Amino acid sequence: MGDEGFAEIAKSGLAMLSITLGPAGTPTFTHEAAVRDLAVWHGHFAKYRDKLVHVSRADDILRAKREGKFAVMLNFQNATHLSRDIRNVDFFYNLGVRQIQLTYNEQNALGAGCTERGDSGLSDFGIEVVHRMNDLGMIVDLSHCGVQTTLDAIEVSKKPVIVTHSNCRALNNNMRCKTDEQIKKLVAKGGMMGITTVNFFVSHKPRATLDDYVAHIEHVVKLVGVDHVGIGSDSSVGGWRQSFPTEKAFWDFHGQFKYKAGADVRWPPFIEEIDVPEKFHVIRRRLIERGFSASDTAKILGGNFLRIYREILG
């Protein structure tokens, strides 16, 4: 927050950012950490009323764009924040959280994460959480979920679910990436796939390129159509190097999450050409060079997400 940050937002061209609440701590992803970060963000919303709009409904995003403000949606990347209590879904909804990822990388009370050694699928509590989120109008995110947990959530949800930030396993055989089967079933129920710009999820090569990144978008388009893909950068507006300028800084923060070797988490996490505030402009230009129409590019740059937000958030 501050002049430098708001200048980066203006440079980025973004209308909305989704903020992950409460990941850090010992242990990580606790109820207390979520409440702490919620308090911080409600403080930001109060202090910067002339610049920020807290997203409760899809129309808040459009209003922010009309008024020259920046929309912020609050999310969880792990349902451990719920502390195994279904009442906490309502509790956090009422405090403004609009998106919950069912699991992070490991097992929790709802199901298995993508790096868990076994995946028996969504638990009874997980089904209860999904249905309550459906009823309230919350986005169910499956980005880090294991294969069977992902498929179960797609099946039991009464509304579309989404993968906000992942990549295609057909192009990079990494456990954090989604298979063609998962992507097809996701889209068959009305969902969509956001593609991360994270170097080691885009490619097993030491340094992925912008073209390697765009190949994931093209793969989803060929598989299920242009109406079901978007950009889920998985970085700050400024980029990875701004948040973590050195390899040591990266590991000092990310070491707490205890990534397994199969996830291939390594330095650098960024793709050189798109680790800048203007990353969406860079991607847009490359998509047009690759033959995407202006209307299809607009869908990828946010139109597809907005359509699903309208359906789920109202």
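The values are calculated or read from the model by the stated rules, or taken from the named source; none is laboratory data. Just so it is clear, the structure is predicted and the values come from calculations on it, not from any experiment. When we count neighbours, we look across all protein chains shown, and the Cβ atoms used for this are built from the backbone with ideal geometry, even at glycine.
I'd like to check something: does the range 180-195 contain any residue that is hydrophobic (A, V, I, L, M, F, W, C), closer than 21 Å to residue 273 by Cβ and at pLDDT 95 or above? Yes, the range 180-195 contains at least one residue that is hydrophobic (A, V, I, L, M, F, W, C), closer than 21 Å to residue 273 by Cβ and at pLDDT 95 or above.
Of the residues 50, 60, which single one is under 20 Å from the mean Cα position of the chain (by Cα) and of a type in the set (Asp, Glu)?
60
Residue count for the range 1-47 satisfying the condition of being of a type in the set (Val, Ile, Thr) and more than 22 Å from residue 306 (Cβ to Cβ): 5.
Summed over the range 31-56, residues that are in contact with a strand residue (DSSP E or B) (Cβ under 9 Å, 6 or more places away or on another chain) and not aromatic (Phe, Trp, Tyr) total 11. Kindly indicate whether residue 194 is closer than 21 Å to residue 141 by Cα and part of a loop (DSSP other than H, G, I, E, B). Criteria not met by residue 194. How many residues, within the range 26-40, are surrounded by 13 or more Cβ atoms within 10 Å (Cβ to Cβ), out of contact with any His (no Cβ under 8 Å at 6 or more places or on another chain) and not β-branched (Val, Ile, Thr)? Of the residues in that region, 3 qualify.
Where helices (runs of 4 or more DSSP H) sit wholly within the range 213-314, those with at least 1 residues that are buried (at least 21 other Cβ atoms within 10 Å of the Cβ) and among the polar types (S, T, N, Q) occupy 304-313. The residues listed here are 104, 93; of these, the one that is closer than 16 Å to residue 313 by Cα, of a type in the set (Ser, Thr, Tyr) and in contact with a helix residue (DSSP H, G or I) (Cβ under 8 Å, 6 or more places away or on another chain) is 93. Within the range 203-212, the set of residues being outside any helix (DSSP H, G or I) and crowded, with 18+ Cβ neighbours inside 10 Å comprises 203, 208. Between 63, 57, 84, the distinction of being free of Cβ contacts under 8 Å to residues at least 24 places away in the same chain and of a type in the set (Lys, Arg) belongs to 63 only.
Residues checked against (1) under 20 Å from the mean Cα position of the chain (by Cα); (2) free of Cβ contacts under 8 Å to residues at least 12 places away in the same chain:
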{"position": "100", "(1), (2)": "yes, no"}
{"position": "104", "(1), (2)": "yes, no"}
{"position": "107", "(1), (2)": "yes, yes"}
{"position": "117", "(1), (2)": "no, yes"}
{"position": "129", "(1), (2)": "yes, no"}
{"position": "139", "(1), (2)": "yes, no"}
{"position": "153", "(1), (2)": "yes, no"}
{"position": "161", "(1), (2)": "yes, no"}
{"position": "182", "(1), (2)": "yes, no"}
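Within the range 192-248, being within 30 Å of residue 1 (Cβ to Cβ), polar (S, T, N, Q) and touching a residue at least 12 places away in the same chain (Cβ under 8 Å) holds for 196, 197, 199, 233, 235.
If we scan the range 129-138, do we find a residue that is part of a loop (DSSP other than H, G, I, E, B) and either touching a helix residue (DSSP H, G or I) at 6+ places or on another chain (Cβ under 9 Å) or at pLDDT below 95 (or both)?
Filtering the range 129-138 for residues part of a loop (DSSP other than H, G, I, E, B) gives 137-138.
Of the ones still in play, those that are also either touching a helix residue (DSSP H, G or I) at 6+ places or on another chain (Cβ under 9 Å) or at pLDDT below 95 (or both) are 137-138.
Taking every residue of the range 129-138 in turn, at least one turns out to be part of a loop (DSSP other than H, G, I, E, B) and either touching a helix residue (DSSP H, G or I) at 6+ places or on another chain (Cβ under 9 Å) or at pLDDT below 95 (or both).
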